[in-house]
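Data block below; observations after.
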Amino acid sequence: MQSLITKTRYLILKDITEVPDLLKPAYLPGLDGLRAVSIMLVLAGHFLIGTKWVDYLPGSIGVNIFFVISGFLITTILFKEKVKHGNISFRLFYFRRVLRIFPLVYLYLVILLILNHVFDLHTTPRMFIVAGLYIGNFPVQYGSN
């Protein structure tokens, strides 16, 4: 089975020699409209919670659009790396994601910690720990967050 996967992967990627002109820019402004639509759908879905209209406009549609955009961008990044270097380093890819995401997440948590102290937002230390360790979607013993 492993041989078949390796062979298929080779056949899929062997002819990639250059990036199409459409994908060469680092920033694709055409995606901004899709991002805006997805954000508006999510916000509308949240505002409609508790009304009969929530069944007609669920926010999950916006989330799905956003995930499609993310998948497209990730695939494009990996595609460009394959063309430039001849292979894809998932280790470097994830390292770059960590450098891009972690500083903002922890800055947000520090600001939220300060706001919690100043305005008594009733955010518990456990909530900060769960968010800081990225384990919010895992069941936590003795209740959920």
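To keep it simple, each residue is scored yes or no on (1) at positive phi; (2) outside the structural domain of Gly33 (by TED's automatic domain parsing); (3) not basic (Lys, Arg).
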| position | (1), (2), (3) |
| --- | --- |
| Ser60 | no, no, yes |
| Phe67 | no, no, yes |
| Leu73 | no, no, yes |
| Leu104 | no, yes, yes |
| Ile114 | no, yes, yes |
| Pro125 | no, yes, yes |
| Phe128 | no, yes, yes |
| Tyr134 | yes, yes, yes |
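Just checking, which of Ile129, Ile69 is out of contact with any Lys or Arg (no Cβ under 9 Å at 6 or more places or on another chain) and either surrounded by 11 or more Cβ atoms within 10 Å (Cβ to Cβ) or among the β-branched types (Val, Ile, Thr) (or both)?
Values: Ile69 fails: out of contact with any Lys or Arg (no Cβ under 9 Å at 6 or more places or on another chain).
When all the criteria are applied, what remains is Ile129.
Going by the conditions given, is Leu112 at pLDDT 90 or above and outside any loop (DSSP other than H, G, I, E, B)? Considered against the rule, which asks whether it is at pLDDT 90 or above and outside any loop (DSSP other than H, G, I, E, B), Leu112 comes out as yes. For Lys82, the criteria (1) without any contact (Cβ under 8 Å) to a residue 40 or more places away in the chain; (2) touching a helix residue (DSSP H, G or I) at 6+ places or on another chain (Cβ under 9 Å) hold in every case but one, which is (1). All told, Tyr56 falls short of being more than 15 Å from the chain's Cα centre (by Cα) and at pLDDT 95 or above. Screening Tyr56 with (1) assigned by TED's automatic domain parsing to the domain that holds Pro20; (2) surrounded by 11 or more Cβ atoms within 10 Å (Cβ to Cβ); (3) aromatic (Phe, Trp, Tyr) gives one miss only, at (2).
Looking across the range 72-91, the residues that are assigned to a helix (DSSP H, G or I) and either surrounded by 12 or more Cβ atoms within 10 Å (Cβ to Cβ) or modelled with pLDDT of 95 or more (or both) come down to Phe72, Leu73, Ile74, Thr76, Ile77, Leu78, Phe79, Lys80, Glu81, Lys82, Val83.
The values are calculated or read from the model by the stated rules, or taken from the named source; none is laboratory data. Computed from a prediction, not measured in an experiment: that's the story for all the values here. With ideal geometry, Cβ positions are generated from the backbone for all residues, glycine too; neighbour counts draw on all protein chains shown.
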